[in-house]
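Notes follow once the structure below has been shown.
FYI, it's all coordinate maths here, none of it is from the lab. Because the structure is predicted, anything quoted here is derived from the model rather than measured. Methodologically, a virtual Cβ is constructed for each residue, glycine included, from the backbone with ideal geometry; neighbour enumeration extends over all protein chains shown.
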Amino acid sequence: MPWALGLAAGAMLFITSGEIIPETHRGDAKGLATCALLGGFLAMTAIRIVMT
C-alpha cells in the first residue's frame, strides 16, 4: 500500500508541475515561480517528516 500511495503522489506531483510551470513561466517572475513551487514541495515534505 505505501508503494502505491507513493506512486500516486509522484504522478500527481508530476502532472501538477507539468501544468503549473508553463503557466507561471509566461510572466516575468520565472525564477520566483520555480522557487515557490520547490519551496512548497520542501515545506510539505518537512511537515510530513515532522508529523511521523
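Screening the candidates 38, 42, 13 for the property of being in a helix (DSSP H, G or I) and surrounded by 12 or more Cβ atoms within 10 Å (Cβ to Cβ) yields one hit, 13. Would you please list the contacts, defined by Cβ atoms under 6 Å and residues six or more apart or on different chains, that run from a residue in the stretch 27-52 that is closer than 17 Å to residue 16 by Cβ to a residue that is surrounded by 10 or more Cβ atoms within 10 Å (Cβ to Cβ) and of a type outside the set (A, V, I, L, M)? Matching pairs, first to second residue: 33/24. Would you confirm whether or not the stretch 2-21 contains a residue that is in contact with a Gly (Cβ under 9 Å, 6 or more places away or on another chain) and free of Cβ contacts under 8 Å to residues at least 24 places away in the same chain? No, because not a single residue in the stretch 2-21 is in contact with a Gly (Cβ under 9 Å, 6 or more places away or on another chain) and free of Cβ contacts under 8 Å to residues at least 24 places away in the same chain.
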